[in-house]
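This report concerns only the one structure given below.
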Amino acid sequence: MGDTGTGERLPDPELFRQGGFRLAARFFVPGDIRADEHQLRRLREFAQAEDPLADDLVAMMRRLPPGTGRELFEQALAGGVDALADPPPELVAFLRSAEATPYWADFARIDRGARAITRTGLLGLFPLGDMSLMGGYLASRATKSLIGTGAIERTASRRLVETAAWWIDVTTEGALRRGGPGYASALRVRLVHAHVRAAMNQRPDWDYAAWDRPVNQVQTAGTLLLFSLVFVYGTQLLGIRYTERERADILHLWRYVGWLLGVADPLLPATEEDAWRLLWLLASTEFIPDDDSKRLAAALLESHAAIGAGRGAVGRVLSHLSVRVHSSISRLVLGKSNADFLELPNDPVAQGAVLAVAALNFGAETVRRWIPGATGLQQRLGGVGRRRYLAQLGKVFELDPTYAAHMRTTPGAAA
């Protein structure tokens, strides 16, 4: 998606005109990443592309008795497709494609990227919710599938913790190797996307002209960037420091996750500059919020407020602080116009506190880089924190790692 030099560069989209991304474009992004009209049109072609291998597998699963196809899928994930006596051809094609590791995948780099992410510990969860999920709600066409399932507003807290659990699965060292928990989680989510797509394609009110194909290639690539590039940049804004190699390795990890998720090769950034260029294009064409964006943002804020539920006066204070802190992080990154549109609370005191904590983190990170063994210790502590968090989530929410409920998606009410 690089610069072809064949047309006049387009003006910056709203996301890059203010807030954290304006800062990034000015000081952190290499060169001029603006695209021309030809590149924009090329990207938009992918909005009509889906995922044929996953879609064929879901169609096959829906022809079988309820639960049979998913059971075959899980058996093949656990023991390999050759372990099945007579596997359906759609399942064979899907898993053989996933097993055909791309030539560029370097698992030493993927493991280094996982270690760098793990080092952020629970701090890494803040960009996940406040930048990746909240930022994703700006993409109004992508939100139509979330709204269309009919349950997202009622289950915002569960979606947040399921996303966090999935993120930890795929960013744990060694987990993305074939048969590992991250590898399996990535393929399960790819299948969930196909189930949602099939359900949305059955809706008589789906507006293809306005909303494109449901859960299309552009939207999946956008989700990938929110978890990769936006995560890296967001944690940097919160004071985390990475080496250039660490940033490249994190993006390499997510390039492979994107490949497992079925993202088309032209939409898998190979470098940090590629990722910024693609994010710029997505911001220009996809990050156009509407009323559904507001509904989802409000549901996410309610999930942050739930931390104080049932704790009396102390709980009300916790709820207030939680909403203000999370909103402040979103505001600092997404910019005033986007945050105002999403109706995020504007609290200068909380924003100042977030910046002060970021400065403290930056100082501590600077010291870490100079102390022998400190980086390894931080990685171990981050890993312990993530494992404890997952264990706690499992007790509170009874998480299902197979996402069986999401694979029973049916069309919801009109969006």
Within region 19-48, can you find the residues that are under 23 Å from ALA339 (Cβ atoms), open to solvent by 10 Å² or more (accessible area, probe 1.4 Å) and in a helix (DSSP H, G or I)?
GLY19, ARG22, LEU23, ALA25, ARG26, PHE27
Residues in region 322-338 that are free of Cβ contacts under 8 Å to residues at least 40 places away in the same chain and of a type in the set (A, V, I, L, M) total 2
Can we say ALA270 is touching a residue at least 12 places away in the same chain (Cβ under 8 Å), open to solvent by 40 Å² or more (accessible area, probe 1.4 Å) and among the small types (Gly, Ala, Ser)?
yes
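Could you count how many residues in region 233-276 are under 18 Å from ALA105 (Cα atoms) and not in a loop (DSSP other than H, G, I, E, B)?
Residues meeting the conditions: 22.
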Qualifying residues in region 208-248 (those that are among the acidic types (Asp, Glu) and touching a residue at least 12 places away in the same chain (Cβ under 8 Å)) - the one surrounded by the fewest Cβ atoms within 10 Å (Cβ to Cβ)
GLU246
Grab the helices (runs of 4 or more DSSP H) fully contained in region 66-184, keeping just those with 1 or more residues being more than 24 Å from PRO289 (Cα to Cα).
68-79, 89-99, 107-119, 156-170
Can you tell me which of LEU176, LEU191 is under 17 Å from TRP254 (Cβ atoms) and either open to solvent by less than 20 Å² (accessible area, probe 1.4 Å) or modelled with pLDDT of 95 or more (or both)?
LEU176
Identify, please: which residue in region 49-84 is acidic (Asp, Glu) and surrounded by 15 or more Cβ atoms within 10 Å (Cβ to Cβ) and is, among those, farthest from the chain's Cα centre (by Cα)?
ASP56
Given (1) open to solvent by less than 50 Å² (accessible area, probe 1.4 Å); (2) in contact with a Leu (Cβ under 6 Å, 6 or more places away or on another chain), number of the condition ILE307 does not satisfy
(1)
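Considering GLY335, GLY394, which residue is at pLDDT below 95, of a type in the set (Gly, Ala, Ser) and farther than 30 Å from PHE287 by Cβ?
After applying the criteria, what remains is GLY394.
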Would you check if THR375 is farther than 27 Å from ALA309 by Cα, over 22 Å from the mean Cα position of the chain (by Cα), β-branched (Val, Ile, Thr) and surrounded by 15 or more Cβ atoms within 10 Å (Cβ to Cβ)?
yes
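The values are calculated or read from the model by the stated rules, or taken from the named source; none is laboratory data. Fair warning: this is a prediction, and the values are worked out from it, not measured in the lab. Note that we place each Cβ from the backbone using ideal geometry, even for glycine, and neighbour counts take in every protein chain shown. In case anyone asks, the SASA skips ligands and DNA or RNA and just uses the protein heavy atoms, side chains included. Shrake-Rupley method; radii C 1.70, N 1.55, O 1.52, S 1.80 Å.
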